[in-house]
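The values are calculated or read from the model by the stated rules, or taken from the named source; none is laboratory data. None of the values given here were measured: they were computed from a predicted structure. Counting neighbours? That spans all protein chains shown, and the Cβs are built from the backbone with ideal geometry, glycine included. In case anyone asks, the SASA skips ligands and DNA or RNA and just uses the protein heavy atoms, side chains included. Shrake-Rupley method; radii C 1.70, N 1.55, O 1.52, S 1.80 Å.
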Amino acid sequence: MSFFIKKKGSVKVSQTKASSLSAAGKNDGDGGKRRKSRQDKRLNEEISSDSETESPVVNKKRREDEEEEIEETAQEKKLRLAKIYLDQLREEEEKRAEEESFEADLVAGRLQEDVLEQKGKLQRLIAKDLLPPEESEFRLLRGHKLPVTCLVISPDDKYIFSAAKDCCIIKWDMETGQKLHKIPGVRKGTEHHHVGHTAHILCMAISSDGKYLATGDKNKLIMIWEAATLQHLYKFTGHRDAVSGLAFRRGTHDLYSCSHDRSIKVWNVAENAYVETLFGHQDAITGLDCLSRERCVTAGGRDRTVRVWKIAEESQLVFHGHEGSIDCIQLINEEHMVAGGDDGSVSLWTVNKKKPLVTVKQAHGSHGDVGLEQPYWVSSVAALHNSDTVASGSHNSRLQLWRCGQGFRSLEPLFTIPMPGFVNCLKFSSSGKFLVAGVGQEHRLGRWWRIKEAKNGLCIIPLKRQEPELEER
């Protein structure tokens, strides 16, 4: 009985132990589940926090980059960098080639202009853009007591040099119109005490570098001055009559002179030397001009010829075309020239043809009674070098500007500029922005008649051009 009682008790105990163990196990299981759920929650929290900073795409890209970095060998890296470097070099080379091509085009354009200029075929079309100037914009420079006979403009367009029948030489400032220097005329017999001209100055020229100024007078003398200071340097003698024309060859210090003694003389100013004399005209030579070639052109007055002198060959080409005395001549380029005379005509010439390309008769009109009309003399001509623009002056109170047609085969009037008196000399500035006229009461070569209302002096005329915008409209 007792054994069974004990057994019963042991069973109870074991049952209680088992129940307690099962309860503990149950509790442990619940705790384990809670711990596991907390760990899963923490893991989930960590994953979610990572996903907030970087998207899966970024992660993938980063992983791919890392894989590439790991996979790229040192040799492949060198190859990749070399390709980048070659691409940069190619871009720089293309850019440099473009710049060089642009510069080459500019140089080619300039060279082409130089070649055309040397051939005498360069013709810049400027006349179509010129506008008639306002008379209020003219500037009159007064300083000479007698009619102005000649003038030149310095190569840099800063100064004007003028001379007149009063034997004076004046240097002017182009911008302000101020008189900078004056060399007064000298009475005959006092040449040993004073430096200056003793007779009417008929012509002057300035070297292309602006260093020397040459003047010629009716007393057969040529005087050489330092252009900057007007200090007297040399005196050339040799002509047997009035010196009527002077011109420096461009780029040199060679001086060509012509005279009423019908001769042309060549001088070297830098060496203070006489070179040679050329003969051919049958009457007093009235004008002379030259550019860069070793030759000059002359107007032969009453022999009615224009002549081209080839200095090196000592030969000449003779051209006929005017009906009266040819009093003035000017080169437009190396191959073409413009001339005017007392028959009232203005003509264009080429060195390749013995007759004028075109002649405009009575270019400045005529005067006198009906049936006895006489043309106004053309006393001066000027040309804007290597362009299609020329000008002529007379004593009809009008200065005429002309437009040369294609190939210099026509001459069309552009507009007139009021200018009372004898227009004895005309010069365009090298920039083409100004036209300067030397005006007097008398003709530069004589005293046939007098215009009392005229004023002796220089007139600076501004030449304005159309703006491209206006042209397009």
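Things worth noting here:
- Filtering the stretch 306-336 to residues that are over 12 Å from residue 355 (Cα atoms), of a type in the set (A, V, I, L, M) and part of a strand (DSSP E or B) leaves 308, 326, 329, 331.
- Matching option when the condition is open to solvent by 10 Å² or more (accessible area, probe 1.4 Å), charged (D, E, K, R) and either modelled with pLDDT of 95 or more or within 30 Å of the chain's Cα centre (by Cα) (or both), among 427, 455: 427
- Screening 406, 441 for residues that are among the polar types (S, T, N, Q), more than 22 Å from residue 172 (Cβ to Cβ) and either in contact (Cβ under 8 Å) with a residue 12 or more places away in the chain or open to solvent by 10 Å² or more (accessible area, probe 1.4 Å) (or both) leaves exactly one candidate, 406.
- Annotation for the stretch 187-197: at least one member residue is assigned to a loop (DSSP other than H, G, I, E, B), farther than 15 Å from residue 435 by Cα, in contact with a Leu (Cβ under 8 Å, 6 or more places away or on another chain) and open to solvent by less than 20 Å² (accessible area, probe 1.4 Å).
- Within the stretch 354-384, being in contact (Cβ under 8 Å) with a residue 24 or more places away in the chain, open to solvent by less than 60 Å² (accessible area, probe 1.4 Å) and either aromatic (Phe, Trp, Tyr) or farther than 18 Å from residue 299 by Cβ (or both) holds for 365, 376, 377, 384.
- Qualifying positions in the stretch 409-438 - touching a residue at least 60 places away in the same chain (Cβ under 8 Å) and among the aliphatic types (A, V, I, L, M): 411, 414, 417, 436
- Only one of 165, 220, 265, 171 that is basic (Lys, Arg) and open to solvent by 50 Å² or more (accessible area, probe 1.4 Å): 220
- Taking the criterion of being more than 19 Å from residue 154 (Cβ to Cβ), of a type outside the set (A, V, I, L, M), part of a loop (DSSP other than H, G, I, E, B) and out of contact with any Ser or Thr (no Cβ under 6 Å at 6 or more places or on another chain), the residues of the stretch 232-259 that qualify are 237, 238, 240.
- Residue count, the stretch 223-262 (criterion: basic (Lys, Arg) and exposed (fewer than 13 other Cβ atoms within 10 Å of the Cβ)): 2
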